[in-house]
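Engineer: Pasting a structure below so you can have a look.
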Amino acid sequence: MTDYREAKQAAPRIRASHAERQFVMDRIADAFAEGRLLLAEFEERTTIAAGAVFRDELTHLVDDCGGLPAWPNDTANGEVTGHQVDVPGHTAQLSNLPAARTPETTAVVPALVQSPKWVVLSSTTEHIATAPGGCHRTITVFADSTLDTREYFRSGNHDLEINLHVVFGDCKIIVPPGITVESATQVIFGNVASRVKPPRKKMMQRALPAPKHGVLRLTGRVIFANVKLQEG
């Protein structure tokens, strides 16, 4: 057994953050869209990236697809800390988050960005009540998820961005009446509903206060997946 003190003196393995896993998954998706990876390879590498513990487990996943130009700057605990991110091919993806821009149009991600909610190989329902910076982030891989935004909007909030990364699965988003939905997601072999489906009759039995107005913005990526919108 390796002595801990000896291991500590050796070059340490750096643990991967949520942002770094997402960064590599984006590069894998790019490689698949470019035709560099077969479907089976895309599935395998995406699953490995989602469960990676250390950075070195991530880097080899795209070595034969051009590699990684750099890691996102200053990531900690899965959060981007607000410094400039200037990685070729990835600035536009990060700028989907609420961001200011410098005169050089380099994306600046705000300091308050929620760590993403990860759902892997399972099903879950998440009730969104608060969203730091007005942005909720979720990543689902081979999973089905439901995001309920009713409590958020009925609490007096008027704007919400949901940054979605859905890979092989379905995501249903429940919104209260009167909410405008705008989508800027990148879709690769999938579908994002363009309109909100009206509620079932049984869901209309209990009258709930509806917000006067509000906007839900969808950003991120949908890969071999479907996103549905349900009024409730």
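Engineer: Is there any pair with a first residue in the range 167-190 that is farther than 24 Å from Ala129 by Cα and not assigned by TED's automatic domain parsing to the domain that holds Leu121 and a second that is in a loop (DSSP other than H, G, I, E, B) and aromatic (Phe, Trp, Tyr) whose Cβ atoms are under 6 Å apart and which are 6 or more apart or on different chains, and what are they?
Structural biologist: Filtered contacts from the range 167-190: no entries.
Engineer: Take the conditions of a type in the set (A, V, I, L, M), outside the structural domain of His213 (by TED's automatic domain parsing) and either part of a strand (DSSP E or B) or at pLDDT 85 or above (or both) and apply them to Ala52. Does it pass?
Structural biologist: Yes; evaluated as a whole, the condition is true for this residue.
Engineer: Identify, from the list Ala131, Ala143, Ala184, the residue that is within 22 Å of Glu44 (Cβ to Cβ) and of a type in the set (Gly, Ala, Ser).
Structural biologist: It is Ala143.
The values are calculated or read from the model by the stated rules, or taken from the named source; none is laboratory data. Only a predicted model underlies this, so the values are computations on that prediction, with no experimental measurement involved. Here Cβ is always computed from backbone atoms with ideal geometry, including for glycine, and neighbour counts include all displayed protein chains.
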